[in-house]
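In what follows, a structure is listed as structure tokens, so that the remarks can point back to it.
The values are calculated or read from the model by the stated rules, or taken from the named source; none is laboratory data. If you're wondering where the values come from, they're calculated on a predicted model, not measured in any experiment. Positions of Cβ are generated from backbone atoms using ideal geometry, with glycine treated the same way; all protein chains shown enter the neighbour counts. Note: accessible area is taken over every heavy atom of the protein model, side chains too, but ligands, DNA and RNA are not part of it. Shrake-Rupley method; radii C 1.70, N 1.55, O 1.52, S 1.80 Å.
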Amino acid sequence: MPTLITVLKGGGRYDATWVERLARGVRRHAPVFERIVCLTDLPLTVQGVERVPLRHDWPAWWAKMEAFRPGLAEGTALLCDLDTVFNGSANALAIPLAAPGLAAMEDYFHKGRLSSALLRWDGDALAGLYVRFAAEPERWMTAGSCGPVPNAVHGDQVVIDHLLRRDGLRPRFFQAIAPGLLDFYDPRRDVHGPVVIFIGESKPDTARGSVHAAWTGT
């Protein structure tokens with residue numbers, strides 16, 4: 001069963017509204033995902049979304065490491081950031097005709113490096129990421145723990161990229177698997193691709209035009 005996993009950590013900018021709007025976009029544009037799971041520490045109630053409690057109090061984006069917990073999903077799993085906007089047909093995220101298995105979005109700033117904004121795997125294939133991180137969270141959350149990297153910000157995707165490389169695993173990038181599927185939000189234009197990714201200060205709640213309409217469902 002294809003499962004889309006997102007993470008809502010309390011205390012930040014996001015709340016249940018972001019989960020509801022992501023889920024609405026998924027149901028409309030990527031119905032292949034039969035199950036939508038939100039890992040959260042909040043009392044979330046969103047129709048069509050399965051709430052799964054976070055086990056750890058890992059701060060901010062580090063909570064995303066729980067998405068790799070063993071037993072969380074069977075079959076195809078896709079980790080998807082809450083600030084993703086589904087704007088058109090996106091079943092290709094889960095139906096990888098060209099490249100099955102491990103896949104990720106290529107980082108916008110650092111070519112050849114993955115971004116955890118969109119990351120796909122099968123079953124428990126990446127459970128080792130959770131196991132290793134959970135064993136030494138303070139170590140991995142410390143900048144420099146992954147050696148020299150191009151990223152200015154030390155976050156979950158730096159650790160994920162490092163551990164996968166150490167295991168000899170290199171995900172295919174969605175940009176190569178399905179050209180035109182992903183698009184990066186640009187306020188200077190109204191037309192965007194099927195899956196809109198936000199970088200920097202831009203977010204769906206401050207977007208304009210058709211992208212904002214797609215996010216709100218108006």
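So the values come out like this:
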read-out: Pair list, Cβ under 7 Å, 6 or more apart: segment 11-25 residue under 12 Å from THR40 (Cα atoms), other residue surrounded by 21 or more Cβ atoms within 10 Å (Cβ to Cβ) and among the hydroxyl-bearing types (Ser, Thr, Tyr); value: VAL19/THR6
read-out: Which listed residue is open to solvent by 30 Å² or more (accessible area, probe 1.4 Å) and under 19 Å from ALA63 (Cα atoms), from ARG132, ARG120, ARG189; value: ARG132
read-out: Residue in segment 201-216 that is closer than 21 Å to LYS111 by Cβ, surrounded by 11 or more Cβ atoms within 10 Å (Cβ to Cβ) and touching a residue at least 40 places away in the same chain (Cβ under 8 Å) present; value: no
read-out: Condition met for ALA73 (outside any loop (DSSP other than H, G, I, E, B), among the aliphatic types (A, V, I, L, M) and within 16 Å of the chain's Cα centre (by Cα)); value: no
read-out: Search result, residues across segment 28-45 that are open to solvent by less than 20 Å² (accessible area, probe 1.4 Å) and closer than 19 Å to VAL195 by Cβ; value: ALA30, PHE33, ILE36, VAL37, CYS38
read-out: Neighbours by Cβ (under 8 Å, 6+ apart or cross-chain): first from segment 37-66, without any contact (Cβ under 8 Å) to a residue 60 or more places away in the chain and over 14 Å from CYS80 (Cβ atoms); second in a strand (DSSP E or B) and among the polar types (S, T, N, Q); value: ARG51/THR40; VAL52/THR40; PRO53/THR40; LEU54/THR40
read-out: From the options ARG13, ARG21, ARG51, residue that is open to solvent by 50 Å² or more (accessible area, probe 1.4 Å), farther than 20 Å from VAL159 by Cα and part of a helix (DSSP H, G or I); value: ARG21
read-out: Any hit, segment 80-93, residues being touching a helix residue (DSSP H, G or I) at 6+ places or on another chain (Cβ under 6 Å), part of a strand (DSSP E or B) and buried (at least 23 other Cβ atoms within 10 Å of the Cβ); value: yes
read-out: Scope segment 152-168; condition within 18 Å of the chain's Cα centre (by Cα) and open to solvent by less than 70 Å² (accessible area, probe 1.4 Å); matching residues; value: HIS154, GLY155, ASP156, GLN157, VAL158, VAL159, ILE160, ASP161, HIS162, LEU163, LEU164
read-out: Matching residues, segment 181-211, being acidic (Asp, Glu), within 18 Å of SER115 (Cα to Cα) and modelled with pLDDT of 95 or more; value: ASP183
